[in-house]
Amino acid sequence: MSIIKTLDITKVYNPDTVPVHAVDGITLSIQEGEFTAIIGPSGCGKTTLLNLIGGLERPTTGSVEINGEIISSKSKRQLTNFRLHNIGFIFQAYNLIPVMSAYENTAFIMELLGWPREEIKARVMELLEAMDIADKAHQRPNQLSGGQQQRVAVARALSTRPKFILADEPTANLDSHATGSLLDMMLQMNEREKTTFIFSTHDNRVMRRARRLIKLEDGKVVDDAWK
Amino acid sequence: MIIGYAWRNVWRNSTRSLAVILALATGLLGALFIAALANGMVDKWIKSAIDNELSDLQLHPQQYLITEDLSSTMDQGLIEAALQADSNIASYSFRVKVDAMAATANNSLQVIGLGVNPAQESEVTEIHNLIEEGSYFKDQSNFKSIIISRKMANKLKAGLGSKIILTLADAQGDIAYENFKVTGIFSTTNTMFDESTLFVDKDQLTKILRLPSDQIHQSAARVYQPEMLATSVTSLNQQLEGVKAESWKELNPALRVTKSTMDLYNYILVGVVLLALIFGIVNTMLMAILERTKEIGMLSALGLSRPKIAQMIVAETVFLCLVGACIGNLFSFLAISYFGNRGIHFERFTEGFESYGLSAEVFPSIDSEMYITITLMVMVTAVFASIFPIIRAFKLDPAQAIRD
């Protein structure tokens with residue numbers, strides 16, 4: 001079943017001055033449970049495509065459909081609410097809240113959604129254990145290694161069981177050991193919770209583990225291969 | 001959660017937050033202390049006016065208030081009965097009053113002569129406690145006693161034991177005069193009162209004025225419960241025909257107006273301080289938002305709605321200001337309590353203060369509700385100060401913020 005569909009989307013920055021075609025007519029369909037990597041050289045439009053799918057930016061033309069809902073026509077407020085309920089984000093720079101512990105960072109979105117305290121506690125501990133950082137639950141980001149911080153970010157993204165997770169260069173700042181174990185954990189969650197993962201990456205280690213590789217060049221899909 | 005998050009955000013850059021907190025605390029301390037000083041001055045002014053001149057209420061014949069005709073008097077017995085019937089009246093005294101010329105061998109002065117019953121008068125005014133030299137009608141010699149102030153004594157070039165001749169028009173309009181001996185010299189903090197008022201025995205002055213012994217011009221009274229003063233005044237006015245009872249607020253409207261104006265002035269003073277501080281608070285919050293551009297963008301990407309972002313910024317600003325307000329209030333309370341007990345003596349300005357009827361020794365004081373009102377004012381200021389940072393945060397594009 002198709003969870004994400006993009007229909008001939010384009011994204012042009014500075015249309016009135018020096019137009020930059022970051023995404024140029026991409027039509028894609030991503031199925032539930034996929035573990036997909038969007039690859040390509042720097043500046044090819046990977047992050048922009050993820051932002052368009054995640055509703056962080058609007059396409060200049062075309063439409064983005066998530067679970068049958070066209071999100072590209074939603075208002076800012078509706079998009080924020082949509083992201084909260086449907087999408088998990090993992091960022092290259094982890095982007096954890098520095099004044100909160102690993103536990104609180106993981107619980108953040110559940111708290112926003114008003115989950116009951118006991119349910120939050122159970123889910124956070126389940127995720128932190130799955131990520132092998134349960135013993136770091138009460139440590140703040142600055143007390144964690146890069147790999148541990150990214151595991152907290154993954155736990156936060158997974159916390160509310162979103163329909164899919166968008167991960168923008170999640171391993172860019174990690175060493176090979178941390179990357180390996182992080183990917184193992186994400187694959188495990190992908191299999192266990194059937195969560196769809198979409199990465200933007202130029203990390204070979206991620207490409208090797210992804211089941212589908214969508215290659216971009218100059219804002220266009222030049223290859224779409226299943227392994 | 002947002003509230004807890006906001007609280008922690010306040011302490012992210014503790015140096016910067018402490019600078020704002022201390023600025024706010026210092027501003028409030030300054031404003032509150034000045035307000036307390038002004039309040040203390042006015043309170044002392046009112047207290048000394050009540051204690052030394054006005055008492056809580058006074059009764060006069062209505063006609064006397066219009067014409068100041070000495071023959072317009074009221075019956076002492078009727079007044080006494082009405083005052084005794086009011087359970088709020090703690091003490092009272094009866095007076096006869098006359099405009100006179102006081103003269104010594106060296107000088108003369110136009111004065112107001114009050115004929116008082118010393119025992120009764122001691123219950124309604126504090127003049128007997130303000131005697132600096134001599135005594136308050138305790139002289140046993142055959143001379144008629146007169147009590148004057150130090151300032152009047154200086155003007156008349158008189159001292160203890162000096163003779164003073166009072167010349168006046170009696171109730172029939174005839175000129176009369178009498179010799180008195182200065183047996184007591186007092187001093188209040190009100191120059192005008194001191195330079196114009198002297199005290200003699202009521203029975204003696206009644207005789208000089210050729211008034212019946214049971215007739216008076218004025219009665220002063222003190223009450224047990226000042227908050228019930230208006231009720232007593234109304235009740236006395238209803239009972240006594242041809243007599244006007246007035247509280248100190250009516251007897252000296254300037255005192256009442258000054259008191260209420262001072263309250264307003266105090267709030268304006270604090271308001272101006274807060275207005276000046278609001279720019280510093282806005283600047284601090286803007287810096288805090290700019291430093292966290294990426295984080296706020298990330299929060300927005302994760303689904304933190306605009307109202308929640310606004311709630312977070314308002315809470316941060318309110319916390320920042322509230323801590324400042326609490327510290328400012330605490331130090332103000334300590335300073336006002338300390339100096340409120342010890343008093344501050346503006347020795348160099350004594351003459352100037354007293355020429356306005358004010359004491360140069362000020363006991364700063366402030367109503368406890370002022371602290372609550374000011375805390376609320378600070379919170380309102382914080383909400384206003386957060387508007388600009390909120391607008392700034394709303395303008396952030398999450399994708400751009402994360403990319404940056």
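We did not get these values from a lab; they are worked out from the coordinates using the rules stated. The structure displayed is predicted, hence computed values, not measured ones. Cβ: placed from backbone, ideal geometry, glycine included. Neighbour counts: every protein chain shown.
With the structure loaded, tell me whether residue A:36 is polar (S, T, N, Q), surrounded by 17 or more Cβ atoms within 10 Å (Cβ to Cβ) and not in a helix (DSSP H, G or I) or whether it fails that test.
Yes: the conditions hold for residue A:36.
List pairs: first in the range B:1-19 and within 11 Å of chain A (Cβ to nearest Cβ), second outside any helix (DSSP H, G or I) and surrounded by 15 or more Cβ atoms within 10 Å (Cβ to Cβ), Cβ under 6 Å, 6+ apart or cross-chain?
Cβ pairs passing all conditions: B:8/A:99.
Criterion first (in contact with a strand residue (DSSP E or B) (Cβ under 6 Å, 6 or more places away or on another chain) and buried (at least 16 other Cβ atoms within 10 Å of the Cβ)) does residue B:27 satisfy it?
For residue B:27, the condition - in contact with a strand residue (DSSP E or B) (Cβ under 6 Å, 6 or more places away or on another chain) and buried (at least 16 other Cβ atoms within 10 Å of the Cβ) - is not met.
All but one of (1) assigned to a helix (DSSP H, G or I); (2) touching a helix residue (DSSP H, G or I) at 6+ places or on another chain (Cβ under 8 Å); (3) acidic (Asp, Glu); (4) under 23 Å from residue A:209 (Cα atoms) hold for residue A:132; which doesn't?
Looking at each condition in turn, residue A:132 falls short on (1).
Only one of A:67, A:95, A:81 is within 14 Å of another protein chain (Cβ to nearest Cβ) and touching a residue at least 24 places away in the same chain (Cβ under 8 Å); which?
A:95
If I filter the range B:270-284 for residues that are within 14 Å of chain A (Cβ to nearest Cβ), touching a Leu at 6+ places or on another chain (Cβ under 6 Å) and in contact (Cβ under 8 Å) with a residue 40 or more places away in the chain, do I get at least one hit?
No: zero hits.
Somewhere in the range B:323-344, is a residue within 14 Å of chain A (Cβ to nearest Cβ), within 30 Å of residue B:270 (Cα to Cα) and crowded, with 18+ Cβ neighbours inside 10 Å?
No, there is no match, as no residue in the range B:323-344 is within 14 Å of chain A (Cβ to nearest Cβ), within 30 Å of residue B:270 (Cα to Cα) and crowded, with 18+ Cβ neighbours inside 10 Å.
Contact list please: Cβ distance under 7 Å, first residue in the range B:292-316 and more than 17 Å from residue A:82 (Cα to Cα) and in contact (Cβ under 8 Å) with a residue 24 or more places away in the chain, second residue among the polar types (S, T, N, Q) and part of a helix (DSSP H, G or I), pairs at least six apart or on different chains.
B:316/B:9
List the residue pairs whose Cβ atoms are under 8 Å apart, where the first residue sits in the range B:225-247 and is touching a residue at least 12 places away in the same chain (Cβ under 8 Å), the second is among the hydroxyl-bearing types (Ser, Thr, Tyr), and the two are 6 or more positions apart or on different chains.
B:229/B:247; B:230/B:247; B:233/B:247; B:245/B:232
Please work out if residue A:217 is touching a Phe, Trp or Tyr at 6+ places or on another chain (Cβ under 9 Å) and either closer than 21 Å to residue A:47 by Cα or free of Cβ contacts under 8 Å to residues at least 24 places away in the same chain (or both).
The answer is no for residue A:217.
If you go through the range A:8-25 one residue at a time, do you hit one that is farther than 25 Å from residue A:111 by Cβ, without any contact (Cβ under 8 Å) to a residue 12 or more places away in the chain and outside any loop (DSSP other than H, G, I, E, B)?
yes
Provide a single number: the residues in the range A:127-142 that are touching a residue at least 12 places away in the same chain (Cβ under 8 Å) and either under 21 Å from the mean Cα position of the chain (by Cα) or farther than 20 Å from residue B:298 by Cα (or both).
Qualifying residue count, the range A:127-142: 11.
Can you spot a residue in the range A:39-53 that is assigned to a strand (DSSP E or B) and either within 14 Å of chain B (Cβ to nearest Cβ) or surrounded by fewer than 24 Cβ atoms within 10 Å (Cβ to Cβ) (or both)?
Taking every residue of the range A:39-53 in turn, at least one turns out to be assigned to a strand (DSSP E or B) and either within 14 Å of chain B (Cβ to nearest Cβ) or surrounded by fewer than 24 Cβ atoms within 10 Å (Cβ to Cβ) (or both).
Which of the residues that make up the range A:143-182 are assigned to a helix (DSSP H, G or I), within 13 Å of the chain's Cα centre (by Cα) and of a type in the set (A, V, I, L, M)?
A:153, A:154, A:155, A:157, A:158
Just to be sure I understand the filter: pairs with C-beta atoms under 9 Å, separated by 6 or more residues or on different chains, first member in the range A:108-126 and away from chain B (no Cβ under 14 Å), second member outside any helix (DSSP H, G or I). Which pairs pass?
Here the result reads A:123/A:115; A:123/A:159; A:123/A:160; A:123/A:161; A:125/A:137, each pair linking the range A:108-126 to a residue that is outside any helix (DSSP H, G or I).
Inside the range B:303-313, can you point out the residues that are crowded, with 22+ Cβ neighbours inside 10 Å and either over 43 Å from the mean Cα position of the chain (by Cα) or away from chain A (no Cβ under 13 Å) (or both)?
Answer for the range B:303-313, where residues must be crowded, with 22+ Cβ neighbours inside 10 Å and either over 43 Å from the mean Cα position of the chain (by Cα) or away from chain A (no Cβ under 13 Å) (or both): B:303, B:304, B:313.
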